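The block underneath contains the structure these notes are about, expressed in structure tokens.
The values are calculated or read from the model by the stated rules, or taken from the named source; none is laboratory data. Only a predicted model underlies this, so the values are computations on that prediction, with no experimental measurement involved. Here the Cβ positions follow ideal geometry from the backbone for every residue, glycine too, while neighbour counts run over all protein chains shown.
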Amino acid sequence: MLIIKNRNKYPDHFVEKILNSRDNDGATPLFLAASIGATDTVEVLLGQPGINVNKKNDKDVTPLRAALGGDHAEPAELLLEYQKVFKKDDFFHQNWNPLCHAAGLGFVHVNKKSAERKKGERELDLGDGEGLTALYLAASGGHVRVVKSLIKAGADINCLSKGNLTPLYGASKQGHARIVEILLGEKGIHLDIRSDEGDNALDIAVTGGFDAVADLLMEYVPPEDEEKVDEKDQENEK
């Protein structure tokens, strides 16, 4: 940190070499800070020209993965926000998807460029090692802010996780009425998709005794149908 404070006294190539230096385990200063949740240090390091945010340790782990693996929300969000485009190496190491991990924990910065990619090629709809998508994990975990962020970024609201499970199914199974309400407000939501066990969102809500969720599902009217009703009401008033 002393070198950073007095950076103008040293050549840029020397400072960059120090910033990206590795210890005996191959960990850089950024990796170490991220792995222990040192938010202030991560923020300072990310502000340094020449910092390599994706430099891995000897176990092939990036600073981002280290932060997420340690459940350190703030450093992870700083790293996710810093990276303009998610790097492939962050997503396909032993079927581990950091976006899914972040969504399951309740924090995530969704990158707009990621959402602009063609469907099927985006990290948004890729599953983790267990075949569970980010939206499913966020929905079943009750993370309202993350669910809204993922939907806004273009995540498939009917994306199927392992076992033919949808985000709506995951939210219904856990009794998260607010998230069920959000999903039902999206055009194109499918209520009748059944899991490999043969049950759908309503079935699992009833089984779990989540009356509020069951009521929402039974009273559901597609947004497009509500728009048609509103249009008819306006015509009748003329």
- Query: Can R65 be described as outside any loop (DSSP other than H, G, I, E, B), free of Cβ contacts under 8 Å to residues at least 60 places away in the same chain and among the charged types (D, E, K, R)?
  - Reply: yes
- Message: Could you tell me how many of the residues in the stretch 148-174 are assigned to a loop (DSSP other than H, G, I, E, B), polar (S, T, N, Q) and over 19 Å from F210 (Cβ atoms)?
- Response: 2
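Within the group I204, I189, which residue is modelled with pLDDT of 95 or more, more than 21 Å from L99 (Cα to Cα) and in a loop (DSSP other than H, G, I, E, B)? Quick ask: steps written out before the conclusion?
Values: I204 fails: in a loop (DSSP other than H, G, I, E, B).
The match here is I189.
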- Task: Output the residues belonging to the stretch 179-201 that are over 20 Å from H143 (Cα atoms) and touching a Leu at 6+ places or on another chain (Cβ under 7 Å).
- Result: L191, S195, N200
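Suppose the filter is touching a Lys or Arg at 6+ places or on another chain (Cβ under 8 Å) and at pLDDT 90 or above; does D156 pass it? Steps first, answer last, please.
Numbers: touching a Lys or Arg at 6+ places or on another chain (Cβ under 8 Å): yes; at pLDDT 90 or above: yes.
Taking the combined requirement at face value, the residue satisfies it.
Please verify whether T28 is of a type in the set (S, T, Y), modelled with pLDDT of 85 or more and within 24 Å of the chain's Cα centre (by Cα), treating the condition exactly as stated.
Values: of a type in the set (S, T, Y): yes; modelled with pLDDT of 85 or more: yes; within 24 Å of the chain's Cα centre (by Cα): no.
It is false that T28 is of a type in the set (S, T, Y), modelled with pLDDT of 85 or more and within 24 Å of the chain's Cα centre (by Cα).
Could you tell me whether D125 is charged (D, E, K, R) and over 16 Å from the mean Cα position of the chain (by Cα)?
Spelling it out, it is not the case that D125 is charged (D, E, K, R) and over 16 Å from the mean Cα position of the chain (by Cα).
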- Message: Six or more apart or on different chains, Cβ atoms under 6 Å: show the pairs whose first residue is in the stretch 24-51 and crowded, with 17+ Cβ neighbours inside 10 Å and whose second is part of a loop (DSSP other than H, G, I, E, B) and of a type in the set (K, R).
- Response: T28/R22; T28/K55
